[in-house]
Amino acid sequence: MEFPPTNASLHALPNGLTAILQEDHAAPVLSAHYWVETGSQHEEHFAGSGLSHLLEHMVFKGTESYGGAELATRVNSAGGQWNAYTTFDRTVYYIDGPSAALDTFLEVLFELVFLPRFPKDDFETERDVIRREIDMGKDDPDSAASHLLFRTFFQHDPRRHPVIGHLGLFNAVSHEDMTGYHGRRYLPSNSFFVLSGDFESSAVLDTLSPLAAGLPAQPLSTVNGLHEPRQLGLRESRRSFPVPVSKTTLAWQPPGLDRPDSPVLELLSGVLGGGNSSYLYRRLHEEEGLAHHIGTWAWSPPDGPGMFSVSAEVDREKRDKLEASVLAEIDQAMQGDLQADLDKARRQVFAQQFKTLSTASGRASDLASNWHEARNLNFTRDYLEQLDRVSVDDLTRVAGTYLREDGLTITSLDPEESPTA
């Protein structure tokens, strides 16, 4: 199965801005994205404040040319759907809609990213919105379990903090802190534009180039992130929470996306816990009846370390037995015939990747991820070729290398009426 090479073109615009353009005239639609390569892990002395996420909210309050309500009217009346999100390492703004509205979408996105107004009157109002989001997260068991895992798994890396921030640190952020952060991080040299769909590249470049030329040619300052050292022993953290059953996670610290074992880890995740027919689900849910649900996740960010995790929902009295059984079953799985499971996991990954090509939004997201993570527009294709070469022996080797008890982190949310140790 072969993933086609991209037909996208790469363009260097004035002052360091990069544009990635992929024409597809099959339907009169397009997807436009601005990726700013900054997120919560780049906040330095504001780490844990949620500054990147706050900034994402505030740009929608108006730009140099348009008020917030006017921006929304322009996009909606043109048939566009817009949104944004913030992660550890990026903030993304995008609009999907009809190709006839291309000029409107280009203008709106450009001003959102580079020319926000940041009205002070909206600052406290929007902070109240985010405060409510933070409070809602405290009551959500999935959010609480994720926060517990990351702050236990990472001891030095700023990814130990939630993207949305901690309330006390968030409350300390000022309007000047936010605008200063925007000036330091929202730069042409730290962002790129992606467009996929029905358009003419020459016309887009004619529009974008003079806009980019008016931006400051400011170099990006270096962020001195804290390196996460190799874990050298078991980490364990339990927390009582109003949940009916325990939510437990076992996690290990593999390398990031730049290491050759990353594709193997993704397929190992699919083999062990990728769906209801996976090895751990069959053994610990269907056959042993220990877990109500169990699954795995392999996360390989561009900047390592990554995370390989097994998460399950289990009755509190069976929690310890389940955790021990996960370790035993992984060892047992590596001694069996995994070829059929490997082939199935590989087909699932390929199918999902091909599905992304079916929409303009999916194609734009795929191109943007490729550039952000590897500076290679064909990274998906290259990565799938690596996946195609993974063998059962590779699975066994990688499991033995990384899924070791001396590098294990265990966390759980446990029902409040039960002991948590």
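List of remarks:
- Percent accessible area from carbon and sulfur atoms, the range 161-256, protein chains only, probe 1.4 Å: 57
- Debye equation applied to the C-alpha atoms of the range 253-329, log10 I(q)/I(0) at 0.20, 0.23, 0.27 Å⁻¹: -0.80, -0.95, -1.13
- Crossing angle, helix 102-114 versus the chain [Cα axis fit, 0-90 degrees, rounded to tens]: 70
- Charge-dipole axis of the chain as Lys and Arg at +1 and Asp and Glu at -1 on Cβ define it, positive-most pick from Phe118, Leu211, Pro301: Pro301
- Considering only Ala27, Gly48, Ser269, the residue lying farthest towards the positive end of the dipole of the chain is Gly48, judged by Cα position with unit charges set on Cβ.
- Using the 1.4 Å probe convention, the accessible area of the chain works out to 43 Å² per residue with neighbouring protein chains retained.
- Kirkwood-based shape ratio for the range 218-281, expressed as Rg/Rh from alpha carbons: 1.10
- Look at the dipole of the range 307-421 built from charges on Cβ: of Ser311, Gly407, Ser358, the Cα furthest out on the positive end belongs to Ser358.
- Cross-link partners of Lys344 among aspartates and glutamates (Cα-Cα below 13 Å; sequence separation of 8 or more within a chain): Glu266, Asp388
- Paramagnetic reach from His25 (point 7 Å along Cα→Cβ, amide N under 15 Å) across the range 80-99: 99
- Relative to the longest principal axis of the Cα atoms of the chain, the long axis of helix 319-333 makes an angle of roughly 90 degrees.
- Converting phi to 3J(HN,Hα) with the Karplus coefficients 6.51, -1.76 and 1.60 and the offset θ = phi - 60°, the range 410-417 yields 10, 9, 7, 9, 10, x, 4, 7 Hz in sequence order, with x at every glycine or proline.
- Under 13 Å from Lys120, Cα to Cα: aspartates and glutamates that are on another chain or at least 8 residues apart: Glu176, Asp177
- Relative to the longest principal axis of the Cα atoms of the chain, helix 360-374 runs at roughly 70 degrees.
- Debye, to nearest 20: dipole size of the chain, +1 on Lys, Arg Cβ, -1 on Asp, Glu Cβ: 420
- Sequence-distant lysines (8 or more away, or on other chains) whose Cα lies within less than 26 Å of Lys321: Lys247
The values are calculated or read from the model by the stated rules, or taken from the named source; none is laboratory data. Please read all numbers here as calculations on a predicted model, not as lab measurements. No Cβ is skipped: glycine too gets one built from the backbone with ideal geometry, and neighbour counts run over all protein chains shown. Note: areas computed on protein heavy atoms with side chains; ligands, DNA, RNA excluded. Shrake-Rupley method; radii C 1.70, N 1.55, O 1.52, S 1.80 Å.
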